[in-house]
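The values are calculated or read from the model by the stated rules, or taken from the named source; none is laboratory data. Quantities reported herein were computed from a predicted structural model and do not represent experimental measurements. Methodologically, a virtual Cβ is constructed for each residue, glycine included, from the backbone with ideal geometry; neighbour enumeration extends over all protein chains shown. Areas reflect the complete protein model, heavy atoms only, side chains present, ligands, DNA and RNA absent. Shrake-Rupley method; radii C 1.70, N 1.55, O 1.52, S 1.80 Å.
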Amino acid sequence: MYQDNPLKSISWADYQKLPVTDRATYFCRNGHPYHALFAQQYDRPAMERFCDLATRVRKIAKTRGGMRFLQDLLAEKRAMLYFSQPSTRTFLSFSAACQIVGMQTGEVRDTATSSEIKGETQEDSVRTFSSYFDLLIMRHPVGGFAERIAWLLSNTERPVPVINAGSGKDQHPSQALLDIYTLQRSFEQRGGIDGKSIAFVGDLARGRTVRSLACLLRHYDGVKAYFVAPDALQIGADILQVLDEANMDYEVTDDFASVIPEVDAIYMTRIQDEWDQAQESSSVDTSHYHFTVADLDRLKDDAIIMHPLPRRAEIEPDVDRDPRAMYWRQVRNGMWIRAALILNIFERDGEVDRYYQDLMR
Ligand code: NCD
């Protein structure tokens, strides 16, 4: 009955009782995700679709004519960037992605400059955005808040799509999609992501990028994950349960040195100490979880080094010159994958396919 907008058919209280995999169906329209809220929404065909689309957009954007075509695709839509947590890359890459597909943008980055300071609820602020804009891209310190907003807007006159650009310690699905795109491009000549091993290193307890990416990797065959962190910062049991249910192989360890020569990809992360209650992470020795120039010799010749950035001391800057360092490519891939995600939400991707086929003829 509510095929076009399933979120209208369920109360918020009932929605919250659902297991996360069942939640995903509520965010679909016409058989594909309409809101982009958490990694469990995406299966392998969806990820492959985004990767192909991102590559097509990237190639089309190389010429003036191609850019003109892209900028017409969503010229009648506007996007709101609502970032109530700090951001450099995610904000700018979404903003650039909107420009590529021809969307104008508005932004609130500091809620002290909005009417929230006058006591307006965040729910009312967001409802205001949906009056002026056709897409809401939001980063928020509370896990699950983007889901709540998607539900809330779906039950108004203007149910605009919501993209989660990072929610608390929980999820960062668009980052995970750009990480998949980077892995896929890096292993293109070696059979893709299937059969590869990847080490996640650092603050896995509060690193939302790792949590989202681990969920996506379970869709590939024969992938093995190593979760490398001190006990206090290890990956959550909820994520391990998702991997267990998918029969994905993984190892939980605190021994980084012995993992380095084993893996095809190393995903370094920053200690997320903004979440500390009482500076507890400063009492954990995290210096063993740094990647140095000396470690390059122990890494496989065709392995890659990733990082969602921003980095602190986790990767020595001199490592950047090594061709296996992929983190600056991740930054750029983020712009293309986000353009692909937006086009897919608004079902304008078919037009890209047709243009691309003509271009390749
Ligand atoms: C990450 C984030 O915000 O979760 N950054 C990003 O979006 N690329 C990682 C971090 O802040 O450490």
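Miscellaneous remarks
- Heavy-atom accessible area, probed at 1.4 angstrom with all protein chains present, ranks His32, His307 as His32, His307, highest first.
- With a Förster radius of 45 Å applied to the beta-carbon distance between Ala278 and Ala46, the computed FRET efficiency rounds to 0.65.
- Residue-averaged [θ]222 nm for the chain, counting only DSSP H segments that reach four residues, each worth -39500 (n - 2.57): -11500 deg cm²/dmol
- For segment 1-68 and segment 215-267, distance of Cα centres in Å: 25
- Value of relative contact order over the chain, rounded to a whole percent, pairs C-alpha under 8 Å and six or more apart: 18
- Cα gyration tensor shape for segment 271-361, rounded if a/c is under 1.5, else prolate or oblate: oblate
- Taking the 1.4 Å solvent-accessible surface of segment 161-294 as the whole, the part contributed by carbon and sulfur is 43%.
- Neighbour cut-off at most 10 other Cβ (10 Å), DSSP loop, trypsin sites (Lys or Arg not before Pro), segment 19-128: Lys62
- Unit charges at the beta carbon, dipole of the chain: most positive-side option, Ala176, Phe94, Ile315: Phe94
- Thr88 - accessible surface, heavy atoms, 1.4 Å probe, Å² rounded to 10: 80
- Dipole magnitude for segment 63-180: about 300 debye, using +1 per Lys or Arg Cβ and -1 per Asp or Glu Cβ, origin at the Cα centre.
- Three-way shape call for segment 188-317 based on the alpha-carbon gyration tensor, with the a/c threshold at 1.5: oblate
- In segment 119-184, GluC sites (Glu not before Pro) in a DSSP loop with at most 14 other beta-carbon atoms within 10 Å: Glu120, Glu157
- Hits among lysines - C-alpha to C-alpha of Lys169 under 21 Å, sequence gap 8 or more where chains match: Lys17
- Exposure of Met360 as accessible area (Å², to 10), given a probe of 1.4 Å and all protein chains: 110
- Ser287 sits with roughly 70 Å² accessible to a 1.4 Å probe, with DNA, RNA and ligands left out of the calculation.
- Gyration tensor verdict on segment 158-263 (Cα atoms; rounded if a/c is under 1.5, prolate if a/b is larger than b/c, oblate otherwise): oblate
- Anchor Lys300: lysines whose Cα lies under 29 Å away (excluding residues fewer than 8 positions away in-chain): Lys196, Lys224
- A 1.4 Å probe run over segment 173-331, with the rest of the protein chains in place, finds 42 Å² accessible per residue.
- Taking the alpha carbon gyration tensor of the chain, multiplying each eigenvalue by 5 and rooting it gives semi-axes of 32, 25, 20 Å, largest first.
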